[in-house]
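Student: The structure under discussion is supplied below as structure tokens; questions concerning it will follow.
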Amino acid sequence: MSGAGGITTAVRDTATGDIPVDTPRLPAREAAESELSKPMYHENDPNFLQRALNRFWDWVAGVFDAAAGATPGGPAGLVVLVVIVVGLAAALWWRLGTPQRSSRSADALFDSDGPRSAAQHRAAAETHAAALRWTEAVQERMRAIVRSLEERALLDPRPGRTADEAAAEAGRTLPEHTARLRAAARSFDDVTYGGRTADQAAYLSLRTLDLDLDEAKPLLPGTSRGATG
């Protein structure tokens, strides 16, 4: 029978190793790539920027995973370490202030535009205060305090003297005001070199100190504190 003969032929072909002809692989792959390259298949693909960001975050995640694996405690230990580093950086900034603190000029207390009297510094301080410029008002009031002490011969005029040095030297002749003089010098340094902003309370404190010092009696050499009455 022809049916049986057909089956026999198919078996014979298989037995002799003859392989049916298939579609070649290379043309099939090229056809598939051509089909998949059509825009309709890529409408929702991420753009170049999105792909770049994805690669960047993958890299960050890889770095984090590597650091976490090398840190005792894994990810939790890494988080604690980061918090400690940030805390140390904040403490250093608070203690040292901005980099301006380390670059003091030769005339740290007074400007280099020529000497001015205590009255001139006081007038400038009041002008700044009236305009609510408390930082500049504090600076000028501290200069007025030191200049006033120089004019009264309680301090020797010395170029390059800092506010801290002036407070320490003035405290030896006006011991009852030592703590307030040091606090005033600290306020001056904070707003001048530490990048901080003064307020009205800081200015009024220096203003009151200036008025009190103007009436204070100095402790002369060889005189005890009780005799200054």
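The values are calculated or read from the model by the stated rules, or taken from the named source; none is laboratory data. Not measured: the values here are computed from a predicted model. Here Cβ is always computed from backbone atoms with ideal geometry, including for glycine, and neighbour counts include all displayed protein chains. Keep in mind that these areas ignore ligands, DNA and RNA; they rest on the heavy atoms of the full protein, side chains included. Shrake-Rupley method; radii C 1.70, N 1.55, O 1.52, S 1.80 Å.
Student: Could you check the range 147-190 and list, in sequence order, the residues that are of a type in the set (A, V, I, L, M), surrounded by fewer than 14 Cβ atoms within 10 Å (Cβ to Cβ) and in a loop (DSSP other than H, G, I, E, B)?
Tutor: Across the range 147-190, the qualifying residue is only Ala153.
Student: Just one of Ala108, Ala137, Ala124 is modelled with pLDDT under 90 and small (Gly, Ala, Ser); which is it?
Tutor: Of Ala108, Ala137, Ala124, the one residue that is modelled with pLDDT under 90 and small (Gly, Ala, Ser) is Ala108.
Student: Tally the residues that are aliphatic (A, V, I, L, M), open to solvent by 70 Å² or more (accessible area, probe 1.4 Å) and outside any helix (DSSP H, G or I), restricting the search to the range 113-135.
Tutor: 1
Student: If I go through the range 143-157 residue by residue, how many of them are farther than 13 Å from Asp214 by Cα and under 35 Å from the mean Cα position of the chain (by Cα)?
Tutor: 1
Student: I need every pair where a residue in the range 160-173 that is over 14 Å from Asp190 (Cβ atoms) has its Cβ under 7 Å from the Cβ of a residue that is open to solvent by 10 Å² or more (accessible area, probe 1.4 Å) and of a type in the set (S, T, N, Q), sequence separation at least 6 or different chains.
Tutor: The qualifying pairs are Gly171/Thr178.
Student: Quick check, is Val138 under 16 Å from Leu206 (Cα atoms), without any contact (Cβ under 8 Å) to a residue 60 or more places away in the chain and not in a loop (DSSP other than H, G, I, E, B)? Full working, then the answer.
Tutor: On the way: under 16 Å from Leu206 (Cα atoms): yes; without any contact (Cβ under 8 Å) to a residue 60 or more places away in the chain: no; not in a loop (DSSP other than H, G, I, E, B): yes.
In short, no.
Student: Could you list all residues from the range 210-229 that are part of a helix (DSSP H, G or I) and either at pLDDT below 90 or farther than 15 Å from Ala168 by Cα (or both)?
Tutor: Kept after step one, since they are part of a helix (DSSP H, G or I), are these residues of the range 210-229: 210-215, 225-228.
Asp210, Leu211, Asp212, Asp214, Glu215, Arg225, Gly226, Ala227, Thr228 - these are the residues of the range 210-229 that are part of a helix (DSSP H, G or I) and either at pLDDT below 90 or farther than 15 Å from Ala168 by Cα (or both).
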